[in-house]
1. With the structure loaded, tell me whether Gly105 is at pLDDT below 85 and either assigned to a helix (DSSP H, G or I) or within 26 Å of Phe32 (Cα to Cα) (or both) or whether it fails that test.
2. Name the residue that is farthest from Asp160 (Cα to Cα), counting only residues in the range 206-240 that are among the charged types (D, E, K, R) and outside any strand (DSSP E or B).
3. Can you find a residue in the range 84-102 that is of a type in the set (Gly, Ala, Ser), in the same structural domain as Tyr122 (by TED's automatic domain parsing) and outside any helix (DSSP H, G or I)?
4. Can you confirm whether the range 119-141 contains a residue that is on the phi > 0 side of the Ramachandran plot, touching a Lys or Arg at 6+ places or on another chain (Cβ under 7 Å) and not hydroxyl-bearing (Ser, Thr, Tyr)?
5. Might you let me know whether the range 10-22 holds any residue that is farther than 27 Å from Val97 by Cα and touching a residue at least 12 places away in the same chain (Cβ under 8 Å)?
6. Have a look at Glu179, Glu149 and point out the one that is acidic (Asp, Glu), more than 20 Å from Leu7 (Cβ to Cβ) and outside the structural domain of Val57 (by TED's automatic domain parsing).
7. Mind listing just one residue for me: the one in the range 6-51 that is among the small types (Gly, Ala, Ser) and farther than 15 Å from Trp73 by Cβ and, of those, surrounded by the fewest Cβ atoms within 10 Å (Cβ to Cβ)?
Amino acid sequence: MTNLSILQNAGKVYDTPYPHIIIEDALPQNLFDELHSTLPETYVAGKTVGPDFSRRVKYHVLDEDAWPITDLWKDFFQYHTSREFFNEVLDLFGNHVSRLPIQPGKIITGRGKKLLPNINCYQDCQFVRHDVMPAGETTRTPHFDNLFEIFAGLLYFKHDTSTGGDFHIHEQIEPPTMEGKNNAITNAGSIVRTAPYKNNTVALFLNSRYAIHSVEPRSGKQHPRWSVNIIGRYTNARME
């Protein structure tokens, strides 16, 4: 495991309400500080805003743009889209991976959108910059992620003294009732665990329809909400 890995200081893995982990002080502080100080603000801020009020730059876009980021950031993106990191996630969640549609021995991964014909999974890493929201509103109400997603993680970068913005884990007992867009639901269960919105904090989980999560509204002095999102997904070539 490299010192770039967001899992190098992983502790307790929670089995319920769905497999997840929260890691504070995930990266060595000097490494995190260098990443934080070299976030490509102008580059990402110039991208089109999406339906969740975010501007996102994925691995394949960085590649197409000839990597307009520091070498350290490039190394970070490449490591977190590597098979080595994919295996770290599978090892972390242990017995839970036996329930995946594709067993680890049959997984063939690719990177970003550059998909090879024989792969059945791929990994991505992206900068995410959410706009400041009006008071009392959130960038993400309770929802589940795209069901082709195997796992998702985020690493927080904070620039202000705002409060709130935490990542909430919900316990979903009843079948989710859809709201209509972005897999948002109207009957979210209670919040059972929270990853604080603060520097160098990671939340990572195995995805399912019951892996409900949300983001708490922020208050106080706010700047755009930065994170790096790391995912593993199935392609359309899902195999049992």
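The values are calculated or read from the model by the stated rules, or taken from the named source; none is laboratory data. All figures in this text were calculated on a predicted structure; none of them were measured in a lab. Note that each Cβ is placed from the backbone with ideal geometry, even for glycine, and that neighbours are counted across all protein chains shown.
1. Yes, satisfied.
2. That would be Glu240.
3. The answer is no, given that none of the residues of the range 84-102 is of a type in the set (Gly, Ala, Ser), in the same structural domain as Tyr122 (by TED's automatic domain parsing) and outside any helix (DSSP H, G or I).
4. No, every residue in the range 119-141 fails to be on the phi > 0 side of the Ramachandran plot, touching a Lys or Arg at 6+ places or on another chain (Cβ under 7 Å) and not hydroxyl-bearing (Ser, Thr, Tyr).
5. The answer is no, given that none of the residues of the range 10-22 is farther than 27 Å from Val97 by Cα and touching a residue at least 12 places away in the same chain (Cβ under 8 Å).
6. None of the others qualify; the one that does is Glu179.
7. So the residue we want is Gly11.
Conditions (1) among the hydroxyl-bearing types (Ser, Thr, Tyr); (2) in contact with a Pro (Cβ under 9 Å, 6 or more places away or on another chain); (3) at pLDDT below 90, marked per residue:
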residue: Thr141; (1), (2), (3): yes, no, yes
residue: Gly153; (1), (2), (3): no, no, no
residue: Gln172; (1), (2), (3): no, yes, no
residue: Ile185; (1), (2), (3): no, yes, yes
